Amino acid sequence: MADLSNADLARFVATRRAHASNATVNRHLQMLGRALRYMGRVHKAQMPDIDLKAAETPEPVERIRELSQDEQKRLFEHLRPDLHAFVKFALMTGARLSTITELRWSDIDQSTRRMTFRLKGGTSMQFPISPEISALLSALPKSELPEHRRFVFTFEVQNRKGNPRRKIVPNGGGLMEDFRAALDAADIENFRFHDLRHTFATRLLRRTGNLKLVSRLLGHTSVDTTTRYAHVLDNDLADALDDFSVLQSAESRSKSRRRNKSA
């Protein structure tokens, strides 16, 4: 371990970048750093003289794409009916695709109004069940197949006797193709399933103005990760200034607004 060099890191990064994104390679370097620090702290191993931070590669800034209310209406008009609840749940919770597909009925506790979400990295979190979410869950049909019945979200297998319901698999069964086909039919461009998570975050932040609350509900370990949505608050600040003047009295502003409306 002590012989590990910056040249070794450079070769590792070059090899991994041929098969993985910059973000994935950076996560691997960060995991290596944690492993090295653990070995040094716990086992008193000699640390190599390397610069892990310098080996990281630039990551693209993740775009924020929000589904408009009109786009949302068109999407559900073209989406196959047995996927409506699945997509609505994503909009209601901001959960990742893998979290939703792995949700089990044993994770749902209607008595405490909480459900357990499995997150990236093997962690989990408790998510509150709102009345809207509760109503959606209560109306969901269950699969009659034993191996699929424990999962919350299932779909109808087309052209099969009785249309048996099966667990939704993120990269199988053609369901994501059906989702993208609905987007195309609804004339919704530049949109992915993950953007439902962005839509949840921006709508909730716009409603509450509470960045920390949104961060907790998204399952972010740091509120810094959630600051990508701060543009929503920036827009609210701009709107507030549009109706504010330090030079005019409240009465003058009220008269000005009435004149503008009558005009």
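Listed values, structure above:
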item: Long-range amide H partners of Ile129 with built H, under 5 Å; result: Arg114, Met115
item: Trypsin sites (Lys or Arg not before Pro) within region 83-151, DSSP loop, no more than 15 other Cβ atoms inside 10 Å; result: Arg113, Lys142, Arg150
item: Cα gyration tensor shape of region 116-161, rounded if a/c is under 1.5, else prolate or oblate by comparing a/b with b/c; result: oblate
item: Simple spin-label estimate for Glu144 and Asp3 in nanometres, 7 Å along Cα-Cβ; result: 6.4 nm
item: Proximal charge balance of Asp107 [Cβ under 11 Å; K/R count +1, D/E count -1]; result: +2
item: Long-range HN-HN contacts of Ser124 with modeled amide H, under 5 Å; result: Leu119
item: Other-chain or far-sequence residues with amide H under 5 Å of Gly94's (modelled H); result: none
item: Share of alpha-carbon pairs per 5 Å distance bin for region 6-55, given as whole %; result: 4, 21, 28, 23, 14, 8, 3
item: Most mobile listed residue (Val42, Val152, Val13) in the chain, GNM with C-alpha springs under 10 Å; result: Val42
item: Label-point separation in nm, His43 to Arg207, each point 7 Å along Cα→Cβ; result: 4.9 nm
item: Length gained when the stretch Thr24-Arg65 is fully extended (0.36 nm per residue, less Cα-Cα span); result: 12.6 nm
item: Choice from Asp70, Asp82, Asp107 showing the highest fluctuation, given a GNM over the chain with Cα pairs closer than 10 Å; result: Asp70
item: Length added when fully stretched, Val169-Thr123, from 0.36 nm per residue minus Cα-Cα; result: 14.5 nm
item: Per-residue HN-Hα couplings for region 114-129 [Karplus 6.51, -1.76, 1.60; θ = phi - 60°; Hz; x = Gly/Pro]; result: 9, 9, 9, 9, 8, 10, 4, x, x, 8, 9, 8, 8, 10, x, 9
item: Average projected area [Cα convex hull, the chain], square nanometres; result: 23.2 nm²
item: Candidate aspartates and glutamates for bridging to Lys44, where Cα separation is under 18 Å - those fewer than 8 sequence places away on the same chain excluded; result: Asp3
item: Residue among Ala45, Ala240, Ala186 with the largest mean-square fluctuation in a Gaussian network model of the chain, springs linking Cα atoms under 10 Å; result: Ala45
item: Unsatisfied cross-links (Cα-Cα over 26 Å) in the set Lys167/Lys212; Lys88/Lys212; Lys120/Lys212; result: Lys167/Lys212
item: Value at 222 nm in deg cm²/dmol, rounded to 500, when DSSP H runs of n ≥ 4 in the chain each add -39,500 (n - 2.57); result: -15000 deg cm²/dmol
item: Length released on extending from Asp236 to Asp51, taking residue separation times 0.36 nm less the Cα-Cα span; result: 62.5 nm
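Every number here is computed from the coordinates shown, using simple stated rules; none is lab data. In this text, all values refer to a predicted model and were calculated from it rather than measured experimentally. Neighbour counts are summed over all protein chains in view; Cβ atoms, including those assigned to glycine, are modelled from backbone coordinates with ideal geometry.
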